[in-house]
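One structure is given below, encoded as structure tokens.
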Amino acid sequence: MQQISVTINGRPYQFLAGDHEMLSHLIREKAGLTGTKVGCEQGSCGACTVLLNGKAVLSCITPAMRAHQAEITTIEALAMNGQLHKLQEKFVDKGAIQCGFCTPGMVMTALSLAPELDSEADIPALIHRIKKGLSGNLCRCTGYKKIIEAVSEYVLETAGKNPEIREPALQPATGAVGVPRPYIEAAKKVRGVAEYADDIASKNALHCKFLRSIHPHALIEGIDLTDALGLPGVHAIATGKELPGKFGVLPVSQDETAMAVDKVRYAGEIVAAVAADTEEIADAACRLIKVSFRPIRAFLTIDDSLNDAGESEKIHDTGKFNNNIHKKVELRFGDQRKGLEEADMTAKMSFEFDGLSHGFTEPHAATAYWDENGLTIITATQVPHYLHRALAKVLEVPLSRVRVIKPYLGGGFGGKSDPFPHEIIVAHLARKTGRPVRVRLSREEVFLTNHGRHPSKMTVEMGISAEGIIRVLDADVAIDGGAYGSFGVVTSYYNGVLLQAPYKLDNFGFRTYRVYTNKPQCGAMRGHGAVNPRFAVESLIDDLARRINMDPCTLRMKNFLDSNTLTVGQYRITSNGSSESLEKVMEQSRWRERIGKMEKGRGLGVACGFFISGSALPIIWNELPQSVVHLKVDFDGRVLVTSGASDIGQGSDTMLAIIVSEVLGIAMDNIFVLAADTLLTPVDLGSYSSRVTFMAGNAAKDAAEQLKTEISRAFTKKFNIGAEDLIFSENRVFSHDKTVDCSWMEAVDILTAKRGAVSVSGKYISPKLGGDFKGAGAGLSPSYTFGACISEVEVDEETGYVKVTQVWGAHDCGKALNPLAVEGQLEGSWHMGTGQAISEQMTYSKGLLFNNNFLEYKIPTTLDTPDIHASIIETIDPEGPFGAKEAGEGAIHPVIPAIANAVFNAVGVRITRLPIQAEEILAKMKENRISEAKI
Amino acid sequence: MTQPKTYIKATSVEHALSLAGESSGSFRYLAGGTDVMVNKFQGNDDAGLLIDISGIDALRQVSATETHLVIGALVCLEELAKHSAVAGNFPVLMEAANSVASPTIRKTATLGGNLLCGNRCSFYNQSAWWREAAGFCLKCSGPLCLASGGKKHCFSKFVSDMAVALISLRAGIEISDLRGVITIPLESIYSGDGINPSLLSNTAIIRAIHIPLHHDFRSVYKKLRKRETLDFTSLTTAISLDKTGMIRIVMGGVHAKPVITDGTGTEDLNSLVSQAVSATRMVDNDTYSRAYRKAMIPVFLDRSFRELQLI
Ligand SMILES: Cc1cc2nc3c(=O)[nH]c(=O)nc-3n(C[C@H](O)[C@H](O)[C@H](O)COP(=O)(O)OP(=O)(O)OC[C@H]3O[C@@H](n4cnc5c(N)ncnc54)[C@H](O)[C@@H]3O)c2cc1C
Ligand code: SF4
Ligand code: FES
Ligand code: FES
């Protein structure tokens, strides 16, 4: 330890700094400036960027001692006297902020980059320079597009130029719905003052660290805590036996415990947890715990787990079979055999997909404490409600003694939707020690926690008629679930059922196996369950179209389902923008002019997609509505919206405000959203299955309409005027003839007279849907979304390197309540899909994950991300709030096969394994040359 | 028990050398720290004493003598890439520098640190937990090399991109240690042993790099990686052709040291390529397979020859 003096943001500080302490730690923990984020701790994400004597540095790999007598500038210094810095303003205005976790680092990097940029350069050159300059900063939400726009406009404006770089121009609109606007909390995020789970200081908190298994499958024969407990500063150590209660997000897969009890099922599973005064002590204590493991046979691949296993070797002893199959599902519709016979052309291909990580930039973090009200946990969760239930169950306390608070959250994509061991453990340790206990996972631990996309293998067969009509589709799928159930039963269904659209199918069937393996568990990730089989089907269509000499767009157009129809498995399709979407991307990419006329090595590819807009059935069967929203208005005129919906960076808080603002005709700043606190907010089932806009949005609309009714009633009473005569608009309530014309404040006075604050409660309950066969409920949704992508690639024929240069995408989101946010979701989806297509994969060696960091897990950087052109298709869904449906997940489906199909178009290589491997491209090109030579 | 963690800022080369000389335990010079701090985070570096040399201004100069361009060891890669004397004489260095890590890292990362950046292996650049779970390999004092399936040799990859470019330019390295100052060919400091890749004594300080002027080098640089930024190399090649027609091929990422192949522009280039390929020593310890990396060598070299108009 040494005494150092540092000036941070102009203010002098004296700190006692550790000799090997990192600057990020000093800034966050000692100076309390938590705007500086830590995403990887290894210099590979840029989130921690600050200025040291004016120069950008990565504070996670900069020794704190270097700050001695130096000046540090963090994100918090940029806004002056309540006024955002111009660059920050641009980030806000352009919608460059979603979860906001990468934002401080991005802004600091851009700030140091800006003076080096040449504002005289032409726009493409400027943009390229910006991309290069920001290439060490990862963003998982935005696809970088709006960030790059923000920085370029800032540079141009600072140079006195009028920037005109945006495309396509967003439509101006009146009212609240349809107006492109930044998130309501964007300014807070860009200033670095929005608090994320690891930013919230709890006085006197202990730090928790975990001892994790080094074996993929082993019996625990003994745990010796003696030495660890003897370490000064250690307050408590917990082991699995203390928390034997099982949990899991699905009622049918309650197969997990907070820590391993008698055996470990994957390398990385938590065996013991230490609460200590500091992280270092907790870490040291973990190393002093002695566990005797007896390794047993490990099952590491799908094939391993389909094989017979001895009773004592099975990963879970609950399964009915003598193997490690977790779930088998099979559904068949129509007559597949007949379909095959009728088909003029068939294709059958096998595909293989590696597992994927969500790659959200904010590592999991949580703080728990107990007081007279029971447990409070502040945690980075997408689904406070299921965590609420899991905590009560495992900790054996009444539901009424558990409060889950979700603060600002740095991205989820499905990866923060299960209840997690670390959350249960810190709650337990907090009870055990009587102190708040906090935990933050390292990036490696985030990878070990996983719950990402299932590695999978599938064989899919499709037959079409000579006219290009799909006659039959059959999918045989195996997915590798890892050690526990998570959402896996749903994933198993989704791998099949979500193939029954967007094309009309009469003869369709699938079979899915989900196996347990001794690896970190898989769960739900953006596009849940449907991404890989969609890839297979879109690849087959591409192949079949070519073989019958039909343009693949034409073939798709011929097969789209109509609007207002039923699928073969009895999904009720209402609005359907498939053909508009495909038409749009064809036009934008100039498909008709260009396809087939490109030089070798370049190609265009197309694919379509389909997804649910919220699952119609709740995970835990009960009669609660899927979402409830409360509104309260009091004398001050501000409408308080409370909702359990979890804003994870997708903008749901803003969405709720927009809806209330639209219905009541009041300004957005008259609305305050309080969300995702299980004590204060009514239940919403959470941010998964793309349900929030549709369900919480409808509940908010219902609530706002009720408030409107309350006001109308008060007006009727006072002015003797019919409710139908009243207009709510522009912060006023008035009659058509303006004989009654009140400001919003006057209206509130009228409403609250002799009554006081008024609260109303709105809800959303999905209509009853679907067939009455077993499995009919899977994939039922009150509405579905559709879309299409065309991508352009360049393939280096000597190295096999694939560069995705362009993505044109269109997505039918029903109605864009906030077009800026919808675009952001689409751009982010296409960025993430590009990653799955070309570079992302989780690779294992004997059950150990090799690439558990952001250097080796390859999320595309600014330079690897194609130019993205997003089009919003609006079909005005009859049941969506103002016609809206989802935009957060569906868009990822088409982009991946579109890239692979473009590769085929470029070099004649059919991609059957993801991510695309340069090596495989070369090998297949060689095969092609050989077979061509033979002909 | 591990040694206490300490940090001292050295004010001069002599100061640093004496701190190193007096240190009773393990120590590490810290330049940018962009490699050291990550290794410390992962538990691959347990040096107790960090001697921060980044404040030694004498090592941060770029100057030219009659015969050489001299670049101080502490010149950061960003500065190096922008320096007019570098860009003017050796654009290949600019290219190499800009291919290292990310723009923000290059503001801190130094030339000297890059030359001694640790060798890498997918079984080694992992957390302590991971390495224990995998079974510590040779490079972490274990019995066997995991990447090669049990050999008694470490194949960790040499990854310094600057070294590859500099060696192709016949650069010399100026080093101070307790015995004095010497300048030797840069390649001579690399051992080829993945466990201890550097032959420099652990107290030695790199002062500068000397690159011969007036050779009229024409050079081509290439780097294989999955993303266009951020990633360490899977294969780096630099070829420099001097005015006499001498050609030097240097490769990184394919051996525990840089692999050098010398020849002339007039000889059979194919045989140079096969010499280069056969000098590599690779195992599967990279994000690309060994076979692919090997297959890319002729591709990169042929492309470079074409760019140099040798074929
Ligand atoms: C995300 C990421 C990506 C990276 N990508 C690349 C890459 O693509 N290519 C690449 O080559 N590197 C890469 N690096 C590694 C590193 O950033 C660079 O090699 C950098 O140039 C190291 O310089 P430094 O000054 O930070 O070295 P330091 O970390 O300070 O030191 C590295 C080693 O050199 C020794 N040393 C430093 N200076 C001297 C000196 N003057 N005399 C004697 N010994 C000295 C140190 O003791 C230490 O052993 C990457 C690092 C990160 C975090
Ligand atoms: S090459 Fe072998 S010995 Fe060397 S670091 Fe890798 S696994 Fe260890
Ligand atoms: S946290 Fe520092 S670069 Fe990722
Ligand atoms: S906004 Fe960039 S990571 Fe979420």
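The values are calculated or read from the model by the stated rules, or taken from the named source; none is laboratory data. All figures in this text were calculated on a predicted structure; none of them were measured in a lab. Heads up, the Cβs are rebuilt from the backbone with ideal geometry, glycines too, and the neighbour counts pull from every protein chain shown.
Points to keep in mind about this one:
- Among residues of segment B:229-259, those that are out of contact with any helix residue (DSSP H, G or I) (no Cβ under 6 Å at 6 or more places or on another chain) and away from every other protein chain (no Cβ under 14 Å), counted: 14
- Test: residue in segment B:152-164 that is within 16 Å of ligand 2 (Cβ to nearest atom), without any contact (Cβ under 8 Å) to a residue 24 or more places away in the chain, of a type in the set (Lys, Arg) and away from chain A (no Cβ under 14 Å): yes
- The lone exception for B:Arg227 - which of (1) buried (at least 24 other Cβ atoms within 10 Å of the Cβ); (2) within 16 Å of ligand 3 (Cβ to nearest atom) it fails: (1)
- Looking only at residues of segment A:97-151 that are acidic (Asp, Glu) and part of a loop (DSSP other than H, G, I, E, B), we find that the one that is nearest to the other protein chains (Cβ to nearest Cβ) is A:Asp118.
- Matching residues, segment A:158-207, being over 29 Å from the mean Cα position of the chain (by Cα), at pLDDT below 95 and farther than 23 Å from A:Gly814 by Cβ: A:Thr158, A:Ala159, A:Gly160, A:Lys161, A:Asn162, A:Pro163, A:Glu164, A:Lys203, A:Asn204
- Candidates A:Tyr857, A:Tyr844: the one that is within 13 Å of chain B (Cβ to nearest Cβ) and in contact with a Lys or Arg (Cβ under 7 Å, 6 or more places away or on another chain) is A:Tyr844.
- Residue in segment A:805-842 that is nearest to the chain's Cα centre (by Cα), counting only those that are hydroxyl-bearing (Ser, Thr, Tyr) and not in a helix (DSSP H, G or I): A:Ser839
- Selection of segment A:56-95 for residues being away from ligand 1 (no atom under 16 Å from the Cβ) and farther than 26 Å from A:Asn818 by Cβ yields A:Ala67, A:His68, A:Gln69, A:Ala70, A:Glu71, A:Ile72, A:Thr73, A:Thr74, A:Glu76, A:Ala77, A:Met80, A:Asn81.
- Looking at B:Arg170, B:Arg131, just one residue is of a type in the set (Lys, Arg), touching a helix residue (DSSP H, G or I) at 6+ places or on another chain (Cβ under 9 Å) and within 12 Å of chain A (Cβ to nearest Cβ), and that residue is B:Arg131.
- B:Ser127 falls short on exactly one of the conditions (1) surrounded by fewer than 23 Cβ atoms within 10 Å (Cβ to Cβ); (2) touching a Cys at 6+ places or on another chain (Cβ under 6 Å), and that condition is (2).
- Within segment A:371-404, the set of residues being surrounded by 21 or more Cβ atoms within 10 Å (Cβ to Cβ) and in a strand (DSSP E or B) comprises A:Leu375, A:Thr376, A:Ile377, A:Ile378, A:Thr379, A:Val402, A:Val404.
- Test: residue in segment A:669-678 that is surrounded by fewer than 17 Cβ atoms within 10 Å (Cβ to Cβ) and in a helix (DSSP H, G or I): yes
- Screening the candidates A:Ile296, A:Ile270 for the property of being under 33 Å from the mean Cα position of the chain (by Cα) and either among the hydroxyl-bearing types (Ser, Thr, Tyr) or over 30 Å from A:Gly770 (Cβ atoms) (or both) yields one hit, A:Ile270.
- Where a residue in segment A:715-738 is at positive phi and its partner, wherever it lies, is small (Gly, Ala, Ser), with Cβ under 8 Å and at least six apart: A:Glu730/A:Gly665; A:Asn731/A:Gly665; A:Asn731/A:Ala667; A:Asn731/A:Ser743
- Residue within segment A:299-309 that is part of a helix (DSSP H, G or I) and in the same structural domain as A:Cys208 (by TED's automatic domain parsing) present: no
- Strands (runs of 3 or more DSSP E) enclosed by segment B:6-60 - at least 1 residues per element that are more than 12 Å from every other protein chain (Cβ to nearest Cβ) and crowded, with 18+ Cβ neighbours inside 10 Å: B:27-30
- Flag if B:Phe305 is within 14 Å of another protein chain (Cβ to nearest Cβ), hydrophobic (A, V, I, L, M, F, W, C) and over 30 Å from B:Cys145 (Cβ atoms): yes
- Scanning segment B:144-163 for residues that are hydrophobic (A, V, I, L, M, F, W, C) and either within 16 Å of ligand 4 (Cβ to nearest atom) or within 23 Å of the chain's Cα centre (by Cα) (or both) returns B:Cys145, B:Ala147, B:Cys154, B:Phe155, B:Phe158, B:Val159, B:Met162, B:Ala163.
- Within segment B:6-32, residues that are hydroxyl-bearing (Ser, Thr, Tyr) sit with their Cβ atoms under 8 Å from residues that are in a strand (DSSP E or B) and surrounded by fewer than 18 Cβ atoms within 10 Å (Cβ to Cβ), at 6+ positions apart or across chains, in these pairs: B:Tyr7/A:Gln2.
- Pair list, Cβ < 7 Å and 6+ apart or interchain, from segment B:87-109 residues that are facing another protein chain (nearest Cβ under 10 Å) to residues that are outside any helix (DSSP H, G or I) and of a type in the set (S, T, N, Q): B:Ala101/B:Thr34; B:Ser102/A:Ser135; B:Ser102/B:Thr229; B:Pro103/A:Ser135; B:Thr104/A:Thr49; B:Ile105/B:Thr34; B:Thr108/B:Thr34; B:Ala109/B:Thr34
- Whenever a residue of segment B:135-151 is away from chain A (no Cβ under 13 Å) and more than 19 Å from B:Arg290 (Cα to Cα), it has no partner that is within 16 Å of ligand 3 (Cβ to nearest atom) and charged (D, E, K, R) lying with C-beta atoms less than 9 angstrom away and at least six residues away or across chains.
- Residues of segment B:97-142 that are hydroxyl-bearing (Ser, Thr, Tyr) and over 24 Å from A:Leu138 (Cα atoms): B:Tyr124, B:Ser141.
- Residue satisfying all of: in segment A:32-78; of a type in the set (Ser, Thr, Tyr) and facing chain B (nearest Cβ under 8 Å); farthest from the chain's Cα centre (by Cα) among these: A:Thr62
Listed here are the residues, each with its yes/no results for (1) free of Cβ contacts under 8 Å to residues at least 24 places away in the same chain; (2) surrounded by 19 or more Cβ atoms within 10 Å (Cβ to Cβ).
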| residue | (1), (2) |
| --- | --- |
| A:Gln2 | no, no |
| A:Arg11 | yes, no |
| A:Gln14 | yes, no |
| A:Met22 | no, yes |
| A:Ile27 | no, yes |
| A:Gly32 | no, no |
| A:Thr36 | no, yes |
| A:Ser44 | no, yes |
| A:Ala56 | no, yes |
